[in-house]
Amino acid sequence: MGKAELLDGAIMKDLNYLQLWDRYSALLTEHQKEVFELYYTYDLSLSEIAEQKGCSKQSVSDTLAKCRLLLDEYEEKLHFNKQAQKSAKQQAQRAEAEEKLRALIKQYPALKDELEQICSLVSSERE
């Protein structure tokens with residue numbers, strides 16, 4: 001595996017934890033929240049966080065590892081992030097279906113009323 005793939009994997013992993021953070025940060029302790037935010041949101045290094053918090057670099061590393069573990073466990077049990085991703089995918093599929101139906105209206109004007117009715121049903125499901 002090359003550097004580019006490793007970097008892409010690390011970025012995707014970070015994005016995943018930021019999504020989990022959005023869903024579950026309220027379940028972490030104040031200390032865990034602060035360390036996680038300094039690392040992921042403010043992009044501080046472990047050393048910078050350790051200096052700011054008055055603790056060791058290892059302690060910061062351990063706290064981040066614990067945060068990631070907890071966030072993974074919360075998602076495994078509650079599935080909020082997975083459900084949100086599924087919902088977003090379904091909304092995108094409905095929007096695409098509505099777009100195709102609108103194109104069919106232009107292509108088959110004789111079916112305009114029926115296709116518009118279907119479009120309104122698809123549209124109401126998106127809301």
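The values are calculated or read from the model by the stated rules, or taken from the named source; none is laboratory data. Just so it is clear, the model here is predicted, and its values are computed rather than measured. Positions of Cβ are generated from backbone atoms using ideal geometry, with glycine treated the same way; all protein chains shown enter the neighbour counts.
You will find that of Tyr74, Tyr17, Tyr42, Tyr24, the residue that is loosely packed, with under 12 Cβ neighbours inside 10 Å and modelled with pLDDT of 90 or more is Tyr42 and no other. Just to be sure, is Leu46 of a type in the set (A, V, I, L, M), assigned by TED's automatic domain parsing to the domain that holds Arg23 and closer than 16 Å to Ser25 by Cα? Here the answer is no, as Leu46 does not meet what is asked. Given the structure, is Ala92 under 30 Å from Ser124 (Cα atoms), among the hydrophobic types (A, V, I, L, M, F, W, C) and either out of contact with any His (no Cβ under 6 Å at 6 or more places or on another chain) or surrounded by 15 or more Cβ atoms within 10 Å (Cβ to Cβ) (or both)? Yes: the conditions hold for Ala92. I'd like the full set of residues that are touching a residue at least 12 places away in the same chain (Cβ under 8 Å) and among the basic types (Lys, Arg), limited to region 89-127. Answer for region 89-127, where residues must be touching a residue at least 12 places away in the same chain (Cβ under 8 Å) and among the basic types (Lys, Arg): Arg94, Arg102, Arg126. Could you list, in sequence order, the residues of region 62-84 that are among the polar types (S, T, N, Q) and either in contact with a His (Cβ under 6 Å, 6 or more places away or on another chain) or within 15 Å of Tyr24 (Cα to Cα) (or both)? Asn81, Gln83 - these are the residues of region 62-84 that are among the polar types (S, T, N, Q) and either in contact with a His (Cβ under 6 Å, 6 or more places away or on another chain) or within 15 Å of Tyr24 (Cα to Cα) (or both).
Could you tell me whether region 98-106 includes any residue that is closer than 30 Å to Leu20 by Cβ and among the acidic types (Asp, Glu)? Working first, answer last.
Filtering region 98-106 down to residues closer than 30 Å to Leu20 by Cβ leaves none.
Checking region 98-106: not a single residue is closer than 30 Å to Leu20 by Cβ and among the acidic types (Asp, Glu).
Can you say whether Glu51 is out of contact with any Asp or Glu (no Cβ under 7 Å at 6 or more places or on another chain) and either loosely packed, with under 13 Cβ neighbours inside 10 Å or not assigned by TED's automatic domain parsing to the domain that holds Leu15 (or both), as far as the supplied structure shows? Here the answer is no, as Glu51 does not meet what is asked. Out of all the residues in region 35-59, which are closer than 20 Å to Asp72 by Cβ and of a type outside the set (A, V, I, L, M)? Residues satisfying the conditions are Phe36, Glu37, Tyr39, Tyr40, Thr41.
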